[in-house]
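Inspection log for the structure reproduced underneath, given as structure tokens.
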Amino acid sequence: MSEGFFSRGFHGRRRTSDLSERLPPGQYLERDFPVLSAGPTPQTPLASWDFSIVGEVDQPKRWSWDAFHTLPRETITRDIHCVTKWSKLDTYWEGVSLDLLLAQVATAAEYVIAFCDGGYTTNLPLEEVTGRKAWIVDTYEGEPLASEHGGPARLLIPHLYFWKSAKWVRGLRLLEKDEPGFWESLGYNNHGDPWKEERYWGD
Amino acid sequence: MEGRTLLGRLSWQLGEVVATRPETARTKSITLDLPGWTGHRAGQHVDVRLTAEDGYRAERSYSIASPPEEAPRVTLTVERLDDGEVSPYLTEELRVGDKLELRGPIGGYFVWEAEIGGPLLLVAGGSGIVPLMAMLRHRDAAAGTVATRLLYSSRALEEMIYRDELNRRMKSSAMLEVLQTLTRAQPPGWTGYSRRIDLQMLREVAWPVEQRPLTFICGPTPFVETAAAILVKLGHEPARLKTERFGPTGEKKHDGE
């Protein structure tokens, strides 16, 4: 709306050329690891933790904590981008690929909603979490994932804003029709591509 | 979704700075006149965008401090971070008459409206008081008699934001209690708490679990993490504890939210 507008007296910090390729528009570089969540941090004993794939599937699947740890693991190094404007480069994780988990079920679904301890949900088209784009991770920088960052396990979908990388994840519900998750019902964009600045409804 | 078509796109708009007011040595309130403002709910925030003459831009989020009743005027309270890019400009450079580009309101979860009722427990650490202040101001403006307790933790008396106003509001409302703790330095004669929030303090301050209070906690991450975990331990329903945090896991800064 405000072509030609500038903020009197504002100069700002220029990005180095190296960074401008890695920071999506509107993002700044963060070296710490901020925590954002809508309620108390859930504490689920590992003995009662499981991960399920339910919904539009031939046969629901469930892995206990121990069974989850018999699955082949991958290491992932990616940049992450939070809708609250910070980005963090080269974060290092370990976990299990969603490709591998979803290969265990037969489905006609095109959408998925992740559900979590504490009641949080987030929705995604299946094609956004397949093809080596998403993982369930339980290790960050070589250590077990801290509870305030979503431990014991969280989704990691680095190519979308980080609210999609649901903390305290407990499973995926496969759906034929899309259905908004927690923040997606509260004004945040249904898709959330940082490079297109898909922050809020209508972006 | 119904709301999607109703709300439409969150457009950038220009507001004019009509007042600025230092709250503490590090925080300043900025009041904007926003002719295009469609209203907000207490607890929501805005995105602020600064543009340099050559087109360089920086964006940050800031909580709204003013109640919906003051629209189309909106007040933000900003804490200056020494290593910040946006907050030093907002607190030191921006003057009455300047224009500021923002969009909002944003956030539909950490919000309170008088008709939601209570009892209400507000727990603030440092500049985490800002969105909770919007709730207190809204409560008074809406003639709210909702029983409310605020527990506000600051490092020292001079870092307490809105101190006089909080005292005034407490005196004028029988249903509002303000409890304060100063964690680093206490003046002579201090009668409030003198330590970081802990189990004993929240046991004394929080409403009985049976009253099913609605709780809003805002502050630095370790503060929010501690307060929320204690309240869950005391038996409060996690679904009635709403949190908003700023800063990293350990300590440090607050550029917006």
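To the nearest whole percent, what portion of all C-alpha pairs in the stretch B:165-233 is separated by more than 20 angstrom? Please report the intermediate quantities before stating the final value.
On the way: 914 of 2346 pairs.
Everything past 20 Å amounts to 39 percent.
Quick one: give the max-minus-min coordinate of the C-alpha atoms of the protein assembly as shown along each principal axis, largest first, in Å.
Cα spread of the protein assembly as shown along its principal axes, largest to smallest: 64, 56, 41 Å.
Holding the Cα-Cα limit at 29 Å, pick out from A:Lys133/B:Lys242; A:Lys61/B:Lys233; A:Lys164/B:Lys242 the pairs that are longer than that.
With Cα atoms farther than 29 Å apart: A:Lys133/B:Lys242; A:Lys61/B:Lys233.
Between B:Glu85 and A:Arg13, what is the label-point separation in nm under the 7 Å Cα-to-beta-carbon projection?
Using points 7 Å along Cα→Cβ, the separation is 0.7 nm.
Which of A:Ser37, A:Ser52, A:Ser87 moves most in a GNM of chain A, Cα contacts under 10 Å?
The residue that fluctuates most here is A:Ser37.
With only alpha-carbon atoms counted, please give the Rg and Dmax of the stretch B:37-82, in Å.
Using the Cα atoms of the stretch B:37-82, the pair Rg, Dmax is 12.6, 37 Å.
Taking the Cα atoms of chain B, report the difference between the largest and smallest coordinate on each principal axis, in whole Å and largest first.
54, 46, 36
Magnitude of the Cβ-charge dipole of the stretch B:142-217, K/R +1 and D/E -1, about the Cα centre, nearest 20 debye? All intermediate terms of the calculation are to be shown ahead of the outcome.
Values: 11 positive and 8 negative charges, 10 e Å.
Charge dipole of the stretch B:142-217: 40 debye, to the nearest 20.
Output the Cα-based Rg and Dmax of the stretch A:1-139 in Å, rounding Rg to one decimal and Dmax to a whole number.
For the stretch A:1-139, the Cα-based Rg and Dmax read 19.4, 62 Å.
With all protein chains present, how much of the accessible area of the protein assembly as shown (probe radius 1.4 Å) comes from carbon and sulfur, to the nearest whole percent?
Within the protein assembly as shown, the accessible surface is 49 percent carbon and sulfur.
Per residue, what volume in Å³ does the Cα convex hull of the stretch B:1-127 take up?
135 Å³
May I ask you to give the average projected area over all directions of the convex hull of the Cα atoms of the stretch B:92-242, in nm² rounded to one decimal?
Spelled out: convex hull of the Cα atoms, projected over all directions, averaged, 10.8 nm².
Can you classify the stretch A:51-113 as rounded, prolate or oblate using the Cα gyration tensor, where a ≥ b ≥ c are the square roots of its eigenvalues, rounded means a/c under 1.5, and otherwise it's prolate if a/b beats b/c and oblate if not?
Values: a/c = 2.76, a/b = 1.57, b/c = 1.75.
Judged from the Cα gyration tensor, the stretch A:51-113 comes out oblate (a/c at least 1.5, b/c at or above a/b).
Can you tell me the convex hull volume per residue for the stretch B:4-76, based on C-alpha atoms, in Å³ to the nearest whole number?
Here the figure is 123 Å³ per residue.
When the Karplus curve 6.51 cos²θ - 1.76 cosθ + 1.60 is applied with θ = phi - 60°, which whole-Hz ³J(HN,Hα) does each residue of the stretch A:51-64 get, with x for Gly and Pro?
Along the stretch A:51-64, the couplings run 10, 10, 10, 9, x, 6, 9, 5, 8, x, 10, 9, 10, 6 Hz.
Could you tell me what percent of the DSSP beta bridges with both partners in the protein assembly as shown are antiparallel, to the nearest 5? Each step should come with its number before you reach the end.
Working: 64 of 95 bridges.
About 65 percent, rounded to the nearest 5.
Total accessible area buried between chains B and A, 1.4 Å probe, in Å² to the nearest 100?
Buried area (both sides, nearest 100 Å²): 4100 Å².
Hey, could you grab the Kirkwood Rh for the stretch A:161-203? Inverse mean 1/r over distinct alpha carbon pairs, Å, one decimal.
Numbers: mean 1/r = 0.0879 Å⁻¹.
Over the stretch A:161-203, the inverse of the mean reciprocal pair distance is 11.4 Å.
Amide H to amide H under 5 Å from A:Gly171: which residues, 5+ apart in sequence or cross-chain, H placed 1.01 Å off N in plane?
Long-range HN contacts for A:Gly171: A:Ser52, A:Phe115.
Taking B:Lys171 as the anchor, which aspartates and glutamates have their alpha carbon closer than 18 Å to its alpha carbon, excluding any fewer than eight residues away along the same chain?
The reachable aspartates and glutamates, counting only those whose Cα sits under 18 Å from B:Lys171, are B:Asp140.
Output the Kirkwood hydrodynamic radius of the stretch A:56-203, Cα pairs only, in Å rounded to one decimal. Please report the intermediate quantities before stating the final value.
Values: mean 1/r = 0.0646 Å⁻¹.
After inverting the mean inverse Cα-Cα distance, the result is 15.5 Å.
The values are calculated or read from the model by the stated rules, or taken from the named source; none is laboratory data. From a predicted model like this one, the values you see are computed outputs, not experimental measurements. As a convention, Cβ positions derive from the backbone with ideal geometry for all residues, glycine included, and neighbour counts pool all protein chains shown. For the accessible areas, the whole protein counts, side chains as well, though only heavy atoms, and no ligand, DNA or RNA atoms are used. Shrake-Rupley method; radii C 1.70, N 1.55, O 1.52, S 1.80 Å.
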